[in-house]
Amino acid sequence: MNKRSKKVLAVGKEARQMIGRTPANVVAVKPLEDGVISDFDTTQAMIYYLIDKTHRQSSKVFKVSKPRVIVGVPSTVTEVERQAVIDASKIAGARQVFIVEETLAAAIGSGLPIEEASGNMILDIGGGTTGIAVISLGDVVVDKTLKVGGDEMTQDILNYAKQKYNMLIGEKKAEDLKIALGSAMPLEEERTVDLQGRDLLSGLPKSVEISSIEVREAIMPTIETITQAAKDAIEETPPELVSDILVSGLYISGGGALIKNLDKFWEEHLKVPVRIVEEPLSAVARGTAEMLDHIELLERIQRGWDEYSLN
Ligand SMILES: Nc1ncnc2c1ncn2[C@@H]1O[C@H](COP(=O)(O)OP(=O)(O)OP(=O)(O)O)[C@@H](O)[C@H]1O
Ligand SMILES: [Mg+2]
């Protein structure tokens, strides 16, 4: 956004391209961190931008000026954080706002039969958070949220370059490297790329060759943290539902699900079949869209939040 006029210049992928490259009057802002709002005004501007973009794309005949908005949040949000999402959406022009748990939305968006009397397990690795849930009869039975996710793996790579090569690399570089080479188990063909950064001692540019084996080593601690939480979740799941999961499998979604061989890694360490959902990055968004057709489910969820906040 433009620092002075506060005008949003770009959002999402387009804005990401500018990270670390903006002139003095333009700043790249991450309005959400660790799955919650870290900058209220920018979040509101972003939601406004998204609503406006939807309007520009839809036909002129069918234009909803004050739409209904559904937002997915980590299940551990506090009442204050949840209220902030509602307020930001309303100021941005929403007529009605529903807040849903990201894992539930991811499960629905992935086509899991959550209303049935069988256990469905979903693990959603986002940027700032990882959500793990076991869902049966439309309700979340076991639920865990970790404050680590894909962005933590990016930080792992930054730290690895610092410690091993005395080299400072940009956040976008580290993320690109993770996306290109990040894996949880050996690849059929391990790869190397040239990584450019700045030497921490001399301050001058430096380039090293880094391999997929090293990237795996760098991100492994975060993968292990998530693995432990998934084990805990399985342990807390009632035996009947565990036997369902042994058949249906663990579904993984979110951008982190695209780490190579993560499915194989978990099949080995969790002893359940693992399936990557179709288009993992948009599973939550697709789920929220589908929920629009299930207003009674949405209203039940909102009552759940309200009861929770009264306690
Ligand atoms: N192909 C890929 N391989 C590995 N990681 C990826 C890939 N594409 C995106 N990511 C990572 O996925 C994360 C973003 O995932 P996602 O969009 O699901 O998160 P989010 O829903 O915005 O965050 P949160 O759920 O924490 O609120 C980022 O850390 C990003 O680097
Ligand atoms: Mg998410």
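Things worth noting here:
- Condition check for VAL85 on (1) more than 17 Å from the chain's Cα centre (by Cα); (2) under 18 Å from THR43 (Cβ atoms): one failure, at (1).
- Whether a residue is among the hydroxyl-bearing types (Ser, Thr, Tyr), open to solvent by 50 Å² or more (accessible area, probe 1.4 Å), in contact (Cβ under 8 Å) with a residue 40 or more places away in the chain and within 25 Å of GLY256 (Cβ to Cβ) was assessed, and THR76 passes this test.
- Top-ranked residue of segment 6-40 - restricted to ones that are of a type in the set (Asp, Glu) and away from ligand 2 (no atom under 16 Å from the Cβ), ranked as most open to solvent (accessible area, probe 1.4 Å): GLU14
- Residue in segment 236-249 that is surrounded by fewer than 19 Cβ atoms within 10 Å (Cβ to Cβ), under 21 Å from the mean Cα position of the chain (by Cα) and in contact (Cβ under 8 Å) with a residue 24 or more places away in the chain present: yes
- Residue identified as without any contact (Cβ under 8 Å) to a residue 12 or more places away in the chain and more than 25 Å from VAL141 (Cα to Cα) among ARG21, ARG68: ARG21
- Taking the criterion of being crowded, with 22+ Cβ neighbours inside 10 Å and either within 17 Å of THR227 (Cβ to Cβ) or of a type outside the set (A, V, I, L, M, F, W, C) (or both), the residues of segment 122-135 that qualify are ILE122, LEU123, ASP124, ILE125, GLY126, THR129, THR130, GLY131, ILE132, ALA133, VAL134.
- Considering segment 271-285, and only residues there that are within 12 Å of the chain's Cα centre (by Cα) and surrounded by fewer than 20 Cβ atoms within 10 Å (Cβ to Cβ), the residue that is nearest to ligand 1 (Cβ to nearest atom) turns out to be LEU281.
- Out of LEU241, LEU297, LEU262, sole residue that is in the same structural domain as ALA229 (by TED's automatic domain parsing) and within 22 Å of SER136 (Cβ to Cβ): LEU241
- Subset tally (residues that are of a type outside the set (S, T, N, Q) and open to solvent by 30 Å² or more (accessible area, probe 1.4 Å)) for segment 161-198: 22
- Subset of segment 116-160 (residues that are more than 12 Å from ligand 1 (Cβ to nearest atom) and acidic (Asp, Glu)): GLU116, ASP139, ASP143
- Test for ARG56: is it of a type outside the set (Ser, Thr, Tyr), away from ligand 2 (no atom under 16 Å from the Cβ), more than 29 Å from GLU152 (Cβ to Cβ) and modelled with pLDDT under 90: yes
- Test: residue in segment 254-270 that is within 16 Å of ligand 2 (Cβ to nearest atom) and open to solvent by 80 Å² or more (accessible area, probe 1.4 Å): yes
- Candidates GLU209, GLU224, GLU217: the one that is open to solvent by 90 Å² or more (accessible area, probe 1.4 Å), over 29 Å from LEU146 (Cα atoms) and of a type outside the set (Lys, Arg) is GLU209.
- The residues listed here are ILE86, ILE114, ILE108, ILE91; of these, the one that is at pLDDT 90 or above and either within 16 Å of ligand 2 (Cβ to nearest atom) or surrounded by fewer than 15 Cβ atoms within 10 Å (Cβ to Cβ) (or both) is ILE108.
The values are calculated or read from the model by the stated rules, or taken from the named source; none is laboratory data. It should be emphasised that the depicted structure is a prediction, and the values quoted were computed from it without experimental measurement. Note that we place each Cβ from the backbone using ideal geometry, even for glycine, and neighbour counts take in every protein chain shown. To get the accessible areas, we keep the full protein, side chains included, count just its heavy atoms, and leave off ligands, DNA and RNA. Shrake-Rupley method; radii C 1.70, N 1.55, O 1.52, S 1.80 Å.
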